[in-house]
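None of the figures in this text is laboratory data; all of them are computed from the coordinates on show. Remember, predicted model here, so these are calculated numbers, not experimental data. When we count neighbours, we look across all protein chains shown, and the Cβ atoms used for this are built from the backbone with ideal geometry, even at glycine.
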Amino acid sequence: MTALGFLYPGHSGEDDYPRIEQLLGSDIRVDLVHTDTGEDTHRADALLDMGSSARLAADVEELRHAGAEAVVWACTSGSFAHGWDGAHEQVRALAATAGMPASSTSFAFAHAVRELRARRVAIGATYPQDVAALFADFLRAAGLEVVAVRGAGVGTAAEAATWGEAEVLALARSADHPDAEVLLLPGTALHTAACIPALEKEVGKPVLTANQVTVWEALRLADRRVNAPELGALFTREPLVQA
């Protein structure tokens, strides 16, 4: 049994995780601990506070007691808002506190794009445009080429969590770009685990979503590879990324 640990901000799209656990169809256990988010708003100062080392450290002990082999901060905006260097420091502090390998959803996106042997990406985010632009900056710092950025203007995680498959597909269509090799849909509040094949069929290319890449990143840290076609192209390829 491989136990994966996740620090998830508040309560919004967390039901993607038991769904993904089921779709993995192997001896993988997904342990989720909810962190205190502070103010639920897609505003830069609130995002910095939500991803502070103190907030993450307050809840990681529960995952250690559960036997987690790796921990991922399951939040895109609460990691990339710190910038490239700040996000690295966030993960280093989390690993030191947890006593296990650690990462975040923002790094998961960057690693997953490399896993797909891609470089050019388009972004479709529920966030306001200025916050979506911060994610684009983070990805550029990771060496990726961002060819399009679409922010849908949603102000809170709670609102993003109300979106169904129709809204997610519409976001994907509006955000895709012909030059993009991969489409990225950040935001762990967004429910996507049930519709990744539909998303990839809609745009005709791999689609990476926040909760999907977060679980994949934890598996990577734990040195586990699982073939799960219902979770999209990312889970149907031979591993390319090394730790």
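Using alpha-carbon positions, what is the distance between the centroids of the range 10-32 and the range 170-203, in Å? Cα centres, the range 10-32 to the range 170-203: 20 Å.
Principal axis extents of the C-alpha atoms in the chain (largest first, rounded to whole Å): 45, 39, 33. Stretching Ala54 away from Ala133 to a fully extended chain increases their span by 25.8 nm, per 0.36 nm per residue minus the current alpha-carbon distance. Label-to-label distance, His65 versus Ala158, with points set 7 angstrom from Cα along the beta-carbon direction: 2.9 nm.
For the range 117-209, what relative contact order do you get, as a whole percent, if you take Cα pairs closer than 8 Å and at least 6 residues apart?
Value for the range 117-209: 34 percent.
Legend: ranking of residues Trp163, Trp73 from fewest to most surrounding C-beta atoms inside 10 Å; resulting order Trp163, Trp73. Counted by neighbouring Cβ atoms within 10 Å, the residues Val131, Val213, Val147 run from fewest to most as Val147, Val131, Val213.
Under the criterion of Cα pairs below 8 Å and six or more residues apart, the relative contact order for the chain equals 23 percent.
A Cβ-based charge dipole, computed about the Cα centre of the range 75-122 with Lys and Arg at +1 and Asp and Glu at -1, lands at about 280 debye.
Computed from the Cβ-Cβ distance with R0 of 22 Å, the FRET efficiency linking Ser174 to Arg114 stands at 0.30.
About the Cα centre of the chain, how large is the charge dipole given +1 on each Lys and Arg Cβ and -1 on each Asp and Glu Cβ? Please answer in debye to the nearest 20.
The calculated dipole for the chain is roughly 760 debye.
Dividing the convex hull volume of the alpha-carbon atoms in the range 125-243 by its residue count gives 106 Å³ per residue.
Counted by neighbouring Cβ atoms within 10 Å, the residues Ile196, Ile28 run from fewest to most as Ile28, Ile196.
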